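Engineer: If you scroll down you'll find the structure; I have some questions about it.
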Amino acid sequence: MLTKARTEQLWQEVLPCISEHGQDPLSAQMEDFFTALASSSSFRRCWTGQTRTPFILPASFVEGLLSLTDIVEGLSAPCRTCEAALTLTDGGDFRCPISLPPIDSLDDLLEVLRFGTVFLNTAGLHWKRAAEICLAASSAFLFPTNVNVYITGPERMTSTDAHTDNHDVIILQTAGAKHWQIFGPPPRNSQSHPLYRGKHGDKLLLHELGNPLLDVVLHAGEVLFVPMGFAHLTSTQGTGHAGVSVHLTLGLSTADYNFCLNGLRTILLEQIGRRSDKAETSSQLWWHLLSPVPVGYLAPSRLRCPSAHAEYLQHLTKLLEATIFPGQEGHDLGELPEVQMGVSKHLEQQVESLTMQAEAYAEVVAGSGNDGSGAFYAAGPSETRSQYRQSMLTHQLAENKRKRDATHAGDLRFVKRIDPRDGAAKTLADVRQYYADSGLSADAADQYWMSCCESIYPNDRPPENLMNELVAASERCDALLNFLRRRTPHLQSDIAVERNELAARCDWELRAERKSSERLGKPRERRVWDSLLRDRVPPGNAMKVWLSFYAALLLHLAAVTSASSVHDSFAPVQEVLQVLSSLQHKVAEEGAAAERVFSEEKKFCSKRSRELRHSHDDMQAEQERQDADLSQAQLELASWSSKIEELANAFASDEKDLKEAEDLRFKDAKVFAEAEKGLSSTVDALDRAVGILGHEQRRAAQGGSLLQMEENGTPIVDALSAIVEAYGVKVDDQRQLQALLQGMFCRQYLP
């Protein structure tokens, strides 16, 4: 991720180079922007090498490049051969693209956007402004370019799922806002290609990506760069913008066209008779080989001239030798004629691709719309003059036919099954391609698909009514909307924008463009590598144009009058012409002064707008941080409150146990006191009994026998009774024993 210092350096290298050329965002500003990017050393470090990273640039002229009215004009055209589809996704396992039928109104487009994201692939082959962008970018970077358009309604939780691209992209946010999360390249593995993750049945899970390198909301008038292979996902939820999001994705094709170091390296390996070692390549070298061929501003400054052709080839071969023979020197492959020829041929192919693309985009820019002023070029394959455009459109027609054939149930090319390894729905071709890199043969892949993958429908035949609905949805907009409302109601979201206001604004934009086109006339012919834009009258110069026209008209009238009227009528006309000439000069001076003031005020407003936007973003980020801290504090407070409640409950339980223990101790003490009292009484009784027995024994010793004296019987019986009581005999048993003793004593010893 770019540091603050590197970001400031990038902005200082690029933004001052964007000149103010009137009000046309696709004039010199676009050329200046891409040229400034290509020539920036900071951008080259972000684009190539080990320091690749995403970044954001402000570019106010990007706002409004392509309006919803322009998009509807193309979607309603009778000849639309570019790929236009609606992506339905819930951000999880469900993902389904549906081809768009003709859409004739803005209301229908807004209704479709309630269910998903509309994308327009290869938009530069039809939409003029997309073609102009491609021309300006390819002339600056010297690589093939392409523009795709993405339209998403507000509050869409998932616009595009996490995925990687096989080319570098420059995002031009033209309307609304979109939330972007950009991650580093996912790890390489044998099951999937790093440049095609999240595509062709592959699932890219968030836990594979880690923390995002860049998490930002992109607003209209801002540009985002995403390097090749960097995973990213988008949404419009929580952006704070209630309008529809429109952004153009400009792709810089290097590795996907093989115009990278790996393409040249493959040629060298073939020329010296060595096999390709792709599987044995380290990740660091693998990504390095995907770097673009050093052409244009990527080449050393000393080699940017035709006279350095031989030295440039030597430079290329030296770069490639370091990847083939690391740490070794002295091979000098650049001296081999076959190597020089192979590298030269590869570079010629790149130039040929650029030339063919430039011819195609120039045709779109120069071509007129349906009524001479539209934004959409509707010429089909049989009407186009460009070989590249004819080839691309013919291929797209064949692809559209292939997708229509997909509605025929039972065709194994289109039947999908669930892959148990990742739960993704894949066709047989998807399974073959998915597992080809891991060494699985086609026969083994077929066996795996037939025996292990689970059928979605019985006998792999979708319901007939579903197939009929899909066919109708691809042909009529009302059928598509009925299909979406019936089959995917859970994906529906409300577009929080006033449709009438939006439609009125779009109609106003279209009328303004048409009036401007009528006033300025047709565009003049320019070279292929120019931006091929129409000339514009700068602000403040319109009055000069009209005054010049009226002055010429009056001169013509004066000439006619002088030829047909008397001599004395010429003087008043001469005076009028002098007054008009003086007035023209005065108005021209006032217009120039007003233009200078307007230019200064515009620069000030643009600068102030950027400052306020950045300040707002900083304040919003600070608010989000404080909200996060507050949420964390609330969570901690809730946690401590729960702990306090638990301690209070434990304290109450302990108090209850203590009270119960005290009550039990009190009861035990009471029982003990009663037992102690009884024992004391027993001891006293025993002491008295012992005393009585001792006393009687002494008396007996002095006189006759103890038991023969009647008067001594009772104390003896009482003493024996006390002994019985002292031994804890039950009360009833005590009474019986005492009665027994008394009876026996009386019968045996008393008369």
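Engineer: How about segment 99-122: which of its residues are more than 18 Å from Ala177 (Cα to Cα) and without any contact (Cβ under 8 Å) to a residue 40 or more places away in the chain?
Structural biologist: Residues satisfying the conditions are Ser105, Asn121.
Engineer: Can you tell me how many residues in segment 158-205 are in a loop (DSSP other than H, G, I, E, B), under 20 Å from Arg95 (Cα atoms), touching a residue at least 60 places away in the same chain (Cβ under 8 Å) and small (Gly, Ala, Ser)?
Structural biologist: 3
Engineer: Which one of these does Tyr257 not meet: (1) over 16 Å from Gln50 (Cα atoms); (2) not in a loop (DSSP other than H, G, I, E, B)?
Structural biologist: Of (1) over 16 Å from Gln50 (Cα atoms); (2) not in a loop (DSSP other than H, G, I, E, B), only one is false for Tyr257: (2).
Engineer: Answer yes or no as to whether Arg197 is surrounded by 22 or more Cβ atoms within 10 Å (Cβ to Cβ), in contact with an Asp or Glu (Cβ under 9 Å, 6 or more places away or on another chain) and at negative phi.
Structural biologist: The answer is yes for Arg197.
Engineer: State whether the residues of segment 6-25 include one that is modelled with pLDDT of 90 or more and basic (Lys, Arg).
Structural biologist: No, segment 6-25 contains no residue that is modelled with pLDDT of 90 or more and basic (Lys, Arg).
Engineer: Scan segment 234-249 residue by residue and report those that are touching a Ser or Thr at 6+ places or on another chain (Cβ under 6 Å), farther than 16 Å from Ser67 by Cβ and part of a strand (DSSP E or B).
Structural biologist: Result: Thr234, Ser235.
Engineer: A follow-up question, please. Would you check which residues across segment 105-128 are among the charged types (D, E, K, R) and either within 13 Å of Glu83 (Cβ to Cβ) or crowded, with 24+ Cβ neighbours inside 10 Å (or both) and list them?
Structural biologist: Lys128
Engineer: Also: Any chance segment 78-98 includes a residue that's of a type in the set (S, T, N, Q), at pLDDT 90 or above and buried (at least 16 other Cβ atoms within 10 Å of the Cβ)?
Structural biologist: There is no residue in segment 78-98 that is of a type in the set (S, T, N, Q), at pLDDT 90 or above and buried (at least 16 other Cβ atoms within 10 Å of the Cβ).
Engineer: Return yes or no: is Glu662 more than 29 Å from the chain's Cα centre (by Cα) and closer than 30 Å to Leu57 by Cβ?
Structural biologist: No.
Engineer: Then there's this: Just to be sure I understand, how many residues within segment 133-174 are surrounded by fewer than 24 Cβ atoms within 10 Å (Cβ to Cβ), among the small types (Gly, Ala, Ser) and closer than 22 Å to Ala231 by Cβ?
Structural biologist: 1
Engineer: Which members of segment 472-488 meet the condition of being part of a helix (DSSP H, G or I) and surrounded by 14 or more Cβ atoms within 10 Å (Cβ to Cβ)?
Structural biologist: Answer for segment 472-488, where residues must be part of a helix (DSSP H, G or I) and surrounded by 14 or more Cβ atoms within 10 Å (Cβ to Cβ): Ala472, Ala473, Cys477, Ala479, Leu480, Leu481, Asn482, Phe483, Leu484, Arg487.
Conditions tested, residue by residue: (1) surrounded by 17 or more Cβ atoms within 10 Å (Cβ to Cβ); (2) modelled with pLDDT of 85 or more.
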residue	(1), (2)
Ser282	no, no
Trp286	no, yes
Leu289	yes, yes
Pro292	yes, yes
Val295	yes, yes
Leu298	yes, yes
Arg302	no, yes
Cys305	no, no
Ala310	no, no
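Engineer: Residues in segment 440-455: is at least one modelled with pLDDT under 80, among the polar types (S, T, N, Q) and part of a loop (DSSP other than H, G, I, E, B)?
Structural biologist: No, that holds for no residue.
Engineer: Out of (1) assigned to a helix (DSSP H, G or I); (2) modelled with pLDDT under 75; (3) acidic (Asp, Glu), the odd one out for Asp371 is which?
Structural biologist: Just one mismatch for Asp371, condition (1).
The values are calculated or read from the model by the stated rules, or taken from the named source; none is laboratory data. Computed from a predicted model, the values in this text were never measured in an experiment. No Cβ is skipped: glycine too gets one built from the backbone with ideal geometry, and neighbour counts run over all protein chains shown.
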